[in-house]
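Working notes for the structure below.
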Amino acid sequence: MPPLTKTSPISRRTLLRGLGGSAALGASAGCGVPAAYVAPGDRAATDRSASEPRLTWANWPLYIDTDDEHPSRRPTLAAFEKRSGISVDYIEEINDNDEFFGKISPSLMNHQPTDRDLIVISDWMCGRFVRLGWVQEMDRSRRPNVTAHLDPLLRSPAFDPGRKYTVPWQSGITGIAYNRRRLGREIRHVSDLWADDLKGRVTLLSGLDEAFALLMLGDGVDVTDWRADDFHRMCDRVERQVARGQIRRFTGNDYIKDLSGGDVLACQAYSGDVIQLQADDPDIEFVVPGEGAELWAESLMIPNLAGHKANAERLIDHYYRPEVAAEPAAWVAYVCPVPAARDVLASSGDEETAALAEHPLIFPDDAMRRRLAIARDIAAGERTEFAKRWNGIVGV
(Lines give C-alpha, C1' and ligand atoms only; values in the text may rest on other atoms or scores of the structure.)
Protein backbone atom coordinates (compact mmCIF):
# COMPACT_ATOMS: atom_id res chain seq x y z
CA MET A 1 0.00 0.00 0.00
CA PRO A 2 1.72 3.19 -1.16
CA PRO A 3 2.25 6.06 1.24
CA LEU A 4 0.73 9.48 0.80
CA THR A 5 3.02 11.76 -1.17
CA LYS A 6 2.83 15.16 -2.81
CA THR A 7 1.49 13.44 -5.90
CA SER A 8 -1.32 11.62 -4.11
CA PRO A 9 -4.78 12.35 -5.53
CA ILE A 10 -6.61 15.21 -3.89
CA SER A 11 -9.20 14.39 -1.30
CA ARG A 12 -12.56 13.59 -2.79
CA ARG A 13 -14.08 16.20 -0.46
CA THR A 14 -12.54 18.87 -2.67
CA LEU A 15 -15.22 17.95 -5.20
CA LEU A 16 -18.13 18.90 -2.96
CA ARG A 17 -20.13 22.05 -3.43
CA GLY A 18 -21.17 22.29 0.22
CA LEU A 19 -24.88 22.75 -0.37
CA GLY A 20 -25.59 21.54 3.14
CA GLY A 21 -29.26 20.71 2.66
CA SER A 22 -30.30 23.76 0.68
CA ALA A 23 -31.40 21.87 -2.41
CA ALA A 24 -35.16 21.79 -2.81
CA LEU A 25 -35.53 18.04 -3.13
CA GLY A 26 -33.32 17.43 -0.11
CA ALA A 27 -35.23 19.92 2.00
CA SER A 28 -38.69 18.65 1.13
CA ALA A 29 -37.88 15.00 1.66
CA GLY A 30 -35.93 15.85 4.81
CA CYS A 31 -39.17 17.23 6.23
CA GLY A 32 -40.66 13.76 5.93
CA VAL A 33 -43.28 13.96 3.21
CA PRO A 34 -45.75 11.27 4.41
CA ALA A 35 -46.25 9.74 0.97
CA ALA A 36 -42.50 9.19 0.66
CA TYR A 37 -42.19 6.95 3.73
CA VAL A 38 -41.72 3.25 3.04
CA ALA A 39 -42.86 0.78 5.68
CA PRO A 40 -40.42 -1.98 6.75
CA GLY A 41 -42.40 -4.70 5.02
CA ASP A 42 -42.10 -2.97 1.65
CA ARG A 43 -38.35 -2.44 1.54
CA ALA A 44 -36.95 -5.81 0.44
CA ALA A 45 -36.90 -7.41 -2.99
CA THR A 46 -36.19 -11.04 -3.80
CA ASP A 47 -32.46 -11.38 -3.12
CA ARG A 48 -30.77 -12.79 -6.22
CA SER A 49 -27.32 -12.95 -4.62
CA ALA A 50 -27.03 -16.75 -4.77
CA SER A 51 -27.90 -16.98 -8.46
CA GLU A 52 -26.27 -13.70 -9.54
CA PRO A 53 -22.79 -13.30 -8.02
CA ARG A 54 -22.54 -9.56 -8.61
CA LEU A 55 -23.48 -6.18 -7.16
CA THR A 56 -23.45 -2.48 -8.07
CA TRP A 57 -21.71 -0.04 -5.72
CA ALA A 58 -22.09 3.76 -6.05
CA ASN A 59 -19.36 5.82 -4.37
CA TRP A 60 -17.63 9.21 -4.53
CA PRO A 61 -14.64 9.86 -6.81
CA LEU A 62 -11.16 9.38 -5.33
CA TYR A 63 -12.51 7.44 -2.38
CA ILE A 64 -10.87 4.03 -2.65
CA ASP A 65 -7.36 2.66 -3.08
CA THR A 66 -6.09 2.46 -6.66
CA ASP A 67 -3.09 0.91 -8.39
CA ASP A 68 -0.25 3.33 -9.19
CA GLU A 69 0.39 1.86 -12.62
CA HIS A 70 -3.25 1.09 -13.46
CA PRO A 71 -5.50 3.79 -11.89
CA SER A 72 -8.67 2.00 -12.96
CA ARG A 73 -7.68 -1.02 -10.86
CA ARG A 74 -8.72 -1.04 -7.21
CA PRO A 75 -6.68 -3.63 -5.31
CA THR A 76 -8.98 -4.19 -2.34
CA LEU A 77 -11.98 -4.53 -4.63
CA ALA A 78 -10.10 -6.97 -6.86
CA ALA A 79 -9.19 -8.99 -3.77
CA PHE A 80 -12.86 -9.21 -2.79
CA GLU A 81 -13.87 -10.34 -6.27
CA LYS A 82 -11.19 -13.04 -6.23
CA ARG A 83 -12.01 -14.21 -2.71
CA SER A 84 -15.80 -14.23 -3.10
CA GLY A 85 -16.39 -14.86 -6.80
CA ILE A 86 -18.68 -11.80 -6.79
CA SER A 87 -18.12 -9.19 -9.49
CA VAL A 88 -18.54 -5.55 -8.51
CA ASP A 89 -19.71 -2.78 -10.82
CA TYR A 90 -18.05 0.18 -9.06
CA ILE A 91 -19.49 3.55 -10.12
CA GLU A 92 -17.94 6.88 -9.09
CA GLU A 93 -21.12 8.91 -9.48
CA ILE A 94 -21.69 10.72 -6.17
CA ASN A 95 -20.41 14.30 -6.20
CA ASP A 96 -22.84 15.91 -3.74
CA ASN A 97 -25.24 14.53 -1.13
CA ASP A 98 -28.25 16.59 -2.24
CA GLU A 99 -27.59 16.03 -5.92
CA PHE A 100 -27.46 12.26 -5.43
CA PHE A 101 -30.56 12.39 -3.24
CA GLY A 102 -32.40 14.09 -6.09
CA LYS A 103 -31.10 11.50 -8.52
CA ILE A 104 -32.41 8.40 -6.74
CA SER A 105 -35.29 9.76 -4.62
CA PRO A 106 -37.95 9.41 -7.37
CA SER A 107 -37.32 5.66 -7.49
CA LEU A 108 -37.26 5.23 -3.73
CA MET A 109 -40.41 7.24 -3.00
CA ASN A 110 -42.26 5.41 -5.77
CA HIS A 111 -41.22 1.96 -4.51
CA GLN A 112 -38.97 1.22 -7.48
CA PRO A 113 -35.42 -0.20 -7.47
CA THR A 114 -32.51 2.22 -7.86
CA ASP A 115 -30.35 -0.34 -9.70
CA ARG A 116 -27.75 0.08 -6.96
CA ASP A 117 -27.03 -2.44 -4.22
CA LEU A 118 -24.74 -0.25 -2.15
CA ILE A 119 -24.33 3.51 -1.78
CA VAL A 120 -22.08 5.82 0.27
CA ILE A 121 -23.33 9.19 1.53
CA SER A 122 -22.66 11.48 4.49
CA ASP A 123 -24.21 10.48 7.79
CA TRP A 124 -26.34 13.63 8.04
CA MET A 125 -27.96 12.59 4.75
CA CYS A 126 -28.06 8.93 5.83
CA GLY A 127 -30.33 10.11 8.64
CA ARG A 128 -32.92 11.25 6.08
CA PHE A 129 -32.84 7.90 4.30
CA VAL A 130 -33.25 6.03 7.57
CA ARG A 131 -36.17 8.23 8.70
CA LEU A 132 -37.89 7.84 5.32
CA GLY A 133 -37.48 4.07 5.38
CA TRP A 134 -35.47 4.06 2.15
CA VAL A 135 -32.74 1.64 3.26
CA GLN A 136 -32.80 -1.93 4.46
CA GLU A 137 -31.72 -3.24 7.83
CA MET A 138 -28.57 -5.31 7.47
CA ASP A 139 -28.16 -8.91 8.55
CA ARG A 140 -25.69 -8.79 11.44
CA SER A 141 -24.70 -12.41 10.91
CA ARG A 142 -23.17 -11.43 7.56
CA ARG A 143 -20.96 -8.70 9.03
CA PRO A 144 -18.92 -10.26 11.88
CA ASN A 145 -15.89 -8.10 11.09
CA VAL A 146 -18.01 -4.96 11.48
CA THR A 147 -19.14 -6.19 14.90
CA ALA A 148 -15.57 -6.94 15.92
CA HIS A 149 -13.72 -3.93 14.50
CA LEU A 150 -15.97 -0.88 14.08
CA ASP A 151 -14.61 2.07 16.07
CA PRO A 152 -16.62 2.39 19.32
CA LEU A 153 -16.95 6.15 18.73
CA LEU A 154 -18.94 5.44 15.56
CA ARG A 155 -21.11 2.56 16.73
CA SER A 156 -24.33 4.30 17.71
CA PRO A 157 -25.17 7.67 16.15
CA ALA A 158 -28.48 9.24 17.12
CA PHE A 159 -30.04 8.64 13.70
CA ASP A 160 -29.13 4.91 13.65
CA PRO A 161 -28.55 3.46 17.13
CA GLY A 162 -26.48 0.32 16.85
CA ARG A 163 -25.79 0.90 13.13
CA LYS A 164 -28.57 -1.36 11.91
CA TYR A 165 -28.92 0.45 8.58
CA THR A 166 -25.54 2.08 8.05
CA VAL A 167 -21.86 1.16 8.32
CA PRO A 168 -19.13 3.82 8.13
CA TRP A 169 -17.00 3.71 5.00
CA GLN A 170 -14.57 6.43 6.09
CA SER A 171 -14.64 8.97 8.89
CA GLY A 172 -13.16 12.39 9.52
CA ILE A 173 -12.98 15.44 11.75
CA THR A 174 -14.23 18.97 11.20
CA GLY A 175 -11.85 21.25 13.08
CA ILE A 176 -9.71 24.34 12.48
CA ALA A 177 -6.83 24.70 10.05
CA TYR A 178 -4.40 27.59 10.20
CA ASN A 179 -0.99 28.68 8.92
CA ARG A 180 1.26 28.74 11.96
CA ARG A 181 4.12 30.65 10.31
CA ARG A 182 1.98 33.39 8.79
CA LEU A 183 -0.16 33.86 11.88
CA GLY A 184 2.79 33.78 14.26
CA ARG A 185 0.93 32.11 17.11
CA GLU A 186 -1.12 29.03 17.95
CA ILE A 187 -4.85 28.48 17.70
CA ARG A 188 -6.32 26.23 20.36
CA HIS A 189 -9.98 27.27 20.72
CA VAL A 190 -12.90 28.12 18.46
CA SER A 191 -13.00 31.54 20.10
CA ASP A 192 -9.49 32.19 18.75
CA LEU A 193 -11.07 32.67 15.32
CA TRP A 194 -12.62 35.90 16.57
CA ALA A 195 -9.31 37.52 17.58
CA ASP A 196 -8.55 40.97 16.13
CA ASP A 197 -5.41 39.83 14.29
CA LEU A 198 -7.57 37.49 12.20
CA LYS A 199 -10.11 40.09 11.10
CA GLY A 200 -11.04 39.45 7.49
CA ARG A 201 -8.76 36.41 7.31
CA VAL A 202 -11.19 33.72 8.55
CA THR A 203 -13.54 31.47 6.56
CA LEU A 204 -16.32 29.19 7.74
CA LEU A 205 -17.96 26.35 5.85
CA SER A 206 -21.11 27.36 4.03
CA GLY A 207 -22.95 24.06 4.43
CA LEU A 208 -25.27 24.01 7.43
CA ASP A 209 -24.70 20.35 8.25
CA GLU A 210 -20.94 20.72 7.87
CA ALA A 211 -20.56 23.93 9.90
CA PHE A 212 -22.89 23.99 12.89
CA ALA A 213 -21.41 21.38 15.24
CA LEU A 214 -17.93 22.87 15.60
CA LEU A 215 -19.38 26.34 16.18
CA MET A 216 -21.76 25.01 18.83
CA LEU A 217 -18.90 23.21 20.54
CA GLY A 218 -17.17 26.56 20.74
CA ASP A 219 -20.16 27.79 22.76
CA GLY A 220 -19.81 24.89 25.19
CA VAL A 221 -22.81 22.96 23.83
CA ASP A 222 -23.14 19.19 24.09
CA VAL A 223 -23.62 18.55 20.38
CA THR A 224 -24.90 15.03 20.96
CA ASP A 225 -28.05 16.57 22.46
CA TRP A 226 -28.33 20.17 21.31
CA ARG A 227 -31.53 22.23 21.19
CA ALA A 228 -33.01 24.97 19.02
CA ASP A 229 -31.87 27.65 21.46
CA ASP A 230 -28.29 26.40 21.07
CA PHE A 231 -28.56 26.68 17.32
CA HIS A 232 -29.92 30.22 17.35
CA ARG A 233 -27.35 31.35 19.91
CA MET A 234 -24.61 30.04 17.63
CA CYS A 235 -26.16 31.88 14.67
CA ASP A 236 -26.29 35.10 16.70
CA ARG A 237 -22.58 34.84 17.36
CA VAL A 238 -21.76 34.20 13.68
CA GLU A 239 -23.94 37.12 12.62
CA ARG A 240 -22.00 39.41 14.93
CA GLN A 241 -18.72 38.27 13.44
CA VAL A 242 -20.03 38.82 9.92
CA ALA A 243 -21.16 42.32 10.86
CA ARG A 244 -17.73 43.29 12.22
CA GLY A 245 -15.92 41.96 9.14
CA GLN A 246 -14.21 39.09 10.94
CA ILE A 247 -15.32 36.44 8.45
CA ARG A 248 -13.89 36.85 4.96
CA ARG A 249 -16.46 34.55 3.39
CA PHE A 250 -18.26 31.21 3.66
CA THR A 251 -16.82 28.45 1.52
CA GLY A 252 -17.23 25.00 0.14
CA ASN A 253 -13.98 23.12 -0.21
CA ASP A 254 -12.36 26.09 -1.90
CA TYR A 255 -11.05 27.08 1.54
CA ILE A 256 -8.08 24.95 0.54
CA LYS A 257 -7.05 27.49 -2.09
CA ASP A 258 -7.55 30.43 0.29
CA LEU A 259 -5.48 28.84 3.06
CA SER A 260 -2.63 27.62 0.88
CA GLY A 261 -2.48 30.95 -0.97
CA GLY A 262 -2.34 33.02 2.20
CA ASP A 263 -5.57 35.00 1.70
CA VAL A 264 -6.93 33.22 4.77
CA LEU A 265 -4.99 32.50 7.96
CA ALA A 266 -7.52 30.27 9.74
CA CYS A 267 -10.65 28.38 8.73
CA GLN A 268 -13.03 25.55 9.40
CA ALA A 269 -11.52 22.52 7.67
CA TYR A 270 -11.70 18.77 7.19
CA SER A 271 -8.90 16.63 8.60
CA GLY A 272 -8.18 14.70 5.39
CA ASP A 273 -7.82 17.88 3.35
CA VAL A 274 -5.22 19.21 5.76
CA ILE A 275 -3.14 16.03 5.50
CA GLN A 276 -2.94 16.68 1.78
CA LEU A 277 -2.08 20.36 2.27
CA GLN A 278 0.66 19.54 4.75
CA ALA A 279 2.49 17.51 2.10
CA ASP A 280 3.22 20.80 0.34
CA ASP A 281 3.21 23.21 3.29
CA PRO A 282 4.22 21.83 6.71
CA ASP A 283 3.33 25.18 8.34
CA ILE A 284 -0.37 24.36 8.00
CA GLU A 285 -1.75 22.93 11.23
CA PHE A 286 -5.00 21.13 12.00
CA VAL A 287 -6.50 21.68 15.45
CA VAL A 288 -9.07 19.79 17.44
CA PRO A 289 -10.05 22.69 19.75
CA GLY A 290 -10.01 22.32 23.48
CA GLU A 291 -13.82 22.43 23.45
CA GLY A 292 -13.89 19.52 21.00
CA ALA A 293 -14.55 18.87 17.32
CA GLU A 294 -17.08 16.98 15.25
CA LEU A 295 -16.40 13.40 14.26
CA TRP A 296 -18.38 12.49 11.17
CA ALA A 297 -18.65 9.55 8.81
CA GLU A 298 -19.76 8.72 5.33
CA SER A 299 -21.54 5.42 5.42
CA LEU A 300 -22.49 2.41 3.37
CA MET A 301 -26.20 1.67 2.99
CA ILE A 302 -28.27 -0.86 1.06
CA PRO A 303 -31.18 0.94 -0.63
CA ASN A 304 -34.67 -0.51 -0.81
CA LEU A 305 -35.36 -3.21 -3.40
CA ALA A 306 -31.65 -3.89 -3.94
CA GLY A 307 -31.42 -7.19 -5.78
CA HIS A 308 -28.11 -8.35 -4.29
CA LYS A 309 -28.37 -7.56 -0.59
CA ALA A 310 -26.38 -10.53 0.72
CA ASN A 311 -23.55 -9.80 -1.71
CA ALA A 312 -23.48 -6.19 -0.56
CA GLU A 313 -23.27 -7.28 3.07
CA ARG A 314 -20.35 -9.56 2.25
CA LEU A 315 -18.56 -6.65 0.57
CA ILE A 316 -19.14 -4.39 3.58
CA ASP A 317 -17.68 -7.01 5.91
CA HIS A 318 -14.67 -7.48 3.60
CA TYR A 319 -13.68 -3.87 4.19
CA TYR A 320 -13.78 -4.38 7.95
CA ARG A 321 -10.97 -6.92 7.84
CA PRO A 322 -8.12 -4.87 9.35
CA GLU A 323 -5.66 -5.86 6.63
CA VAL A 324 -8.15 -4.63 4.02
CA ALA A 325 -9.22 -1.47 5.86
CA ALA A 326 -5.59 -0.39 6.09
CA GLU A 327 -5.29 0.09 2.33
CA PRO A 328 -8.08 2.68 1.79
CA ALA A 329 -6.92 4.37 5.00
CA ALA A 330 -3.47 4.87 3.50
CA TRP A 331 -4.93 6.25 0.29
CA VAL A 332 -7.75 8.57 1.30
CA ALA A 333 -6.15 9.90 4.52
CA TYR A 334 -9.29 10.26 6.59
CA VAL A 335 -9.99 8.78 10.01
CA CYS A 336 -10.04 5.01 9.62
CA PRO A 337 -13.22 3.46 11.12
CA VAL A 338 -11.25 0.27 11.85
CA PRO A 339 -8.74 1.09 14.62
CA ALA A 340 -7.17 -2.37 14.28
CA ALA A 341 -5.89 -1.34 10.83
CA ARG A 342 -3.30 0.77 12.66
CA ASP A 343 -1.26 -2.32 13.56
CA VAL A 344 -1.35 -3.47 9.94
CA LEU A 345 0.12 -0.18 8.74
CA ALA A 346 2.67 -0.12 11.55
CA SER A 347 4.02 -3.50 10.46
CA SER A 348 4.59 -2.36 6.88
CA GLY A 349 8.11 -2.71 5.53
CA ASP A 350 7.77 0.71 3.94
CA GLU A 351 8.89 3.42 6.36
CA GLU A 352 6.49 6.10 5.11
CA THR A 353 3.54 3.73 5.15
CA ALA A 354 4.37 2.57 8.66
CA ALA A 355 4.50 6.21 9.76
CA LEU A 356 0.82 6.62 8.83
CA ALA A 357 -0.04 4.40 11.81
CA GLU A 358 1.11 7.25 14.06
CA HIS A 359 -0.75 10.00 12.22
CA PRO A 360 -3.32 11.42 14.68
CA LEU A 361 -5.70 12.48 11.89
CA ILE A 362 -5.92 8.90 10.59
CA PHE A 363 -5.76 7.13 13.96
CA PRO A 364 -6.58 9.72 16.67
CA ASP A 365 -4.85 9.11 19.97
CA ASP A 366 -6.77 8.76 23.23
CA ALA A 367 -6.43 12.43 24.16
CA MET A 368 -7.88 13.54 20.82
CA ARG A 369 -10.62 10.91 20.88
CA ARG A 370 -11.88 12.29 24.18
CA ARG A 371 -12.52 15.62 22.44
CA LEU A 372 -14.45 14.18 19.48
CA ALA A 373 -18.23 13.95 19.33
CA ILE A 374 -20.84 12.84 16.80
CA ALA A 375 -23.40 15.62 16.62
CA ARG A 376 -27.10 14.95 16.74
CA ASP A 377 -28.26 15.51 13.18
CA ILE A 378 -30.85 18.11 12.22
CA ALA A 379 -34.28 16.52 12.53
CA ALA A 380 -36.87 16.67 9.77
CA GLY A 381 -39.08 19.15 11.61
CA GLU A 382 -36.17 21.52 12.26
CA ARG A 383 -34.53 21.65 8.86
CA THR A 384 -36.64 24.28 7.10
CA GLU A 385 -36.36 26.79 9.97
CA PHE A 386 -32.65 26.20 10.57
CA ALA A 387 -31.68 26.19 6.90
CA LYS A 388 -33.51 29.49 6.38
CA ARG A 389 -31.67 31.08 9.31
CA TRP A 390 -28.26 29.74 8.32
CA ASN A 391 -28.58 30.43 4.60
CA GLY A 392 -29.59 34.02 5.41
CA ILE A 393 -26.29 34.47 7.23
CA VAL A 394 -24.25 32.75 4.54
CA GLY A 395 -25.99 34.62 1.75
CA VAL A 396 -27.37 31.60 -0.11
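The values are calculated or read from the model by the stated rules, or taken from the named source; none is laboratory data. Keep in mind it's a predicted model, so treat the numbers as computed, not measured. A quick note on method: Cβ atoms are made from the backbone with ideal geometry, for glycine too, and the neighbour counts reach across all protein chains shown. For the accessible areas, the whole protein counts, side chains as well, though only heavy atoms, and no ligand, DNA or RNA atoms are used. Shrake-Rupley method; radii C 1.70, N 1.55, O 1.52, S 1.80 Å.
Using the Karplus curve 6.51 cos²θ - 1.76 cosθ + 1.60 with θ = phi - 60°, what ³J(HN,Hα) values do you get for each residue of segment 269-278, in whole Hz, with x for Gly and Pro?
So the Karplus estimates, Gly and Pro as x, are 8, 9, 4, x, 4, 5, 4, 5, 5, 5 Hz.
Hey, any idea what % of segment 335-391's accessible area is carbon plus sulfur with a 1.4 Å probe? Could the numbers behind the result be given before it?
On the way: 1340 of 2670 Å².
Heavy-atom surface of segment 335-391 belonging to carbon and sulfur, 1.4 Å probe: 50 percent.
So how many Å³ per residue does the convex hull of the Cα atoms of segment 149-255 work out to? Before the final figure, lay out each step's value.
Details: hull volume 14.6 nm³, N = 107.
Convex hull of Cα atoms, per residue: 137 Å³.
Give the carbon-plus-sulfur fraction of the accessible surface of segment 217-295 in %, rounded to a whole number; probe 1.4 Å, heavy atoms of protein chains only.
Numbers: 1230 of 2930 Å².
Within segment 217-295, the accessible surface is 42 percent carbon and sulfur.
What does the extension gain come out to for Asp254 and Ala355, with contour length at 0.36 nm per residue minus their alpha carbon separation? Intermediate values should be presented prior to the final figure.
Details: separation 101, 0.36 × 101 = 36.36 nm, distance 2.86 nm.
Going from the current span to full extension adds 33.5 nm.
With every protein chain left in place and a probe of 1.4 Å, what is the accessible surface of Ser191, to the nearest 10 Å²?
Looks like 70 Å² after rounding.
Roughly speaking, to the nearest percent, how much of segment 93-186's 1.4 Å accessible area is carbon and sulfur?
Working: 1570 of 3290 Å².
Ligands and nucleic acids excluded, carbon and sulfur reach 48 percent.
Based on alpha-carbon centroids, what's the gap between segment 133-168 and segment 288-356 in Å, whole number please?
Between the Cα centre of segment 133-168 and that of segment 288-356, the gap is 14 Å.
Tell me the label-point distance for the pair Ala379, Ala346, using the 7 Å Cα-to-Cβ offset, in nm and rounded to one decimal.
4.3
In whole angstrom, how far apart do the alpha carbon centroids of segment 183-257 and segment 50-82 sit?
38
Using unit Cβ charges (K, R positive; D, E negative) and no other charged atoms, how large, in debye to the nearest 20, is the dipole of the chain about its Cα centre?
Details: 47 positive and 59 negative charges, 151 e Å.
Roughly 720 debye, rounded to the nearest 20.
How much accessible area per residue does the chain have, counting only protein heavy atoms and a probe of 1.4 Å, in square angstrom? Show your work: numbers first, answer last.
Numbers: 15450 Å² over 396 residues.
Ligands and nucleic acids excluded, the figure is 39 Å² per residue.
Taking one equal scatterer on every alpha-carbon of the chain, how large is log10 of I(q)/I(0) by Debye at q = 0.09, 0.11, 0.13 1/Å?
Log-scaled intensity ratios, in q order: -0.52, -0.78, -1.10.
Reachable lysines from Lys199, Cα under 19 Å, same-chain residues fewer than 8 places away excluded?
Leaving aside lysines fewer than 8 places away in the same chain, those within reach of Lys199 are Lys257.
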